[in-house]
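**Student:** Quick one: the structure is below, questions incoming.
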Amino acid sequence: MEPIKNKKAFFDYEIVDKFEAGLVLHGYEVKSIRAKKIQLKGGFVSVKNNEVWLENVQISPYQPANQPQDNGKRKRKLLLNRREIDKIISFSDNPGISIVPLKIFTSHGKIKLQIGIGRGKKKHDKRETIKKREMDRDLQQRFKTR
């Protein structure tokens, strides 16, 4: 399975640190993710009772007729080591820090989620990102034509 990326997260946040976590999913959610019916945009990670949760991520039904009637945006528990959870908790206490899902992929048959600790970008930082991206694209086109 090719990874499903959250491109908006890299545009909106300056990613400071990354973690790889497992997910607690139902069987039909696994099938939907493998069929790439997942929306990471707008998702975030929260910490409650020393547990890390993935929220506001839409997983569309694989076969709508055979699905339970729950919304696809339920909270899903993330599986991390205690040291990683403690590190995420220490980051989440700081103001201006967000924890966002970056990409979802498979590793040895298991579905994994890469989460990132991010600091929100200002408007001028986003403009610089756009300029850099356009310059890189222009350079690639010039080399391609030669």
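Where a number appears in this text, it was derived from the coordinates with a stated rule and is not lab data. These numbers were taken from a predicted model, which means no experiment stands behind them. Ideal geometry is used to build each Cβ from the backbone, glycine not excepted, and the neighbour counts take in all protein chains shown.
**Student:** What is the packing order of peptides 34-45, 134-145, taking the mean over residues of other C-beta atoms within 10 Å and listing the highest first?
**Tutor:** For the peptides 34-45, 134-145, the packing ranking is 34-45, 134-145.
**Student:** When the dipole is taken about the Cα centre of region 4-121, and only Lys, Arg (+1) and Asp, Glu (-1) are charged at their Cβ, what size is it in debye, to the nearest 20? Present the calculation step by step, with values, prior to reporting the outcome.
**Tutor:** Details: 23 positive and 11 negative charges, 87 e Å.
So the dipole magnitude of region 4-121 works out to roughly 420 debye.
**Student:** From the phi of every residue in region 5-19, what ³J(HN,Hα) in whole Hz does the Karplus formula 6.51 cos²θ - 1.76 cosθ + 1.60 yield, where θ is phi - 60° and glycine or proline is x?
**Tutor:** Per-residue couplings from phi come out as 9, 9, 5, 5, 5, 5, 7, 8, 10, 8, 7, 8, 9, 10, 9 Hz.
**Student:** Then there's this: Once the other residues with Cβ under 15 Å from the Cβ of Glu84 are scored (Lys, Arg +1; Asp, Glu -1), what is the net sum? Please report the intermediate quantities before stating the final value.
**Tutor:** Numbers: positive: Lys18, Lys77, Arg82, Arg83, Lys87, Lys112; negative: Asp17, Glu20, Glu51, Asp86.
Net charge in that neighbourhood comes out at +2.
**Student:** Per-residue HN-Hα couplings for region 49-62, Karplus 6.51 cos²θ - 1.76 cosθ + 1.60 at θ = phi - 60°, whole Hz, x for Gly and Pro?
**Tutor:** Whole-Hz 3J(HN,Hα) from phi for region 49-62: 6, 6, 10, 10, 10, 9, 10, 6, 10, 8, 10, 6, x, 6.
**Student:** Quick check: the angle from helix 82-92's long axis to the longest principal axis of the chain, C-alpha only, nearest 10 degrees?
**Tutor:** 60
**Student:** My understanding is that a pair violates if its Cα-Cα distance is over 32 Å; which of Lys31/Lys123; Lys7/Lys87; Lys48/Lys112; Lys5/Lys122; Lys41/Lys131; Lys75/Lys122 do that in this structure? Before the final figure, lay out each step's value.
**Tutor:** Working: Lys31/Lys123 38 Å; Lys7/Lys87 24 Å; Lys48/Lys112 21 Å; Lys5/Lys122 22 Å; Lys41/Lys131 23 Å; Lys75/Lys122 29 Å.
In this structure, Lys31/Lys123 lie more than 32 Å apart at Cα.
**Student:** Using packing as a proxy for protection, rank 18-30, 86-98 so that the peptide with the highest average count of other Cβ atoms within 10 Å comes first. Walk me through the numbers before you get to the answer.
**Tutor:** Numbers: 18-30: 15.5, 86-98: 12.7.
Output ranking for 18-30, 86-98: 18-30, 86-98.
**Student:** Classify region 4-121 as rounded, prolate or oblate, taking a ≥ b ≥ c as the square roots of the eigenvalues of its Cα gyration tensor: rounded when a/c is under 1.5, otherwise prolate if a/b is larger than b/c and oblate if not.
**Tutor:** Details: a/c = 1.88, a/b = 1.62, b/c = 1.16.
Prolate, since a/c reaches 1.5 and a/b exceeds b/c.
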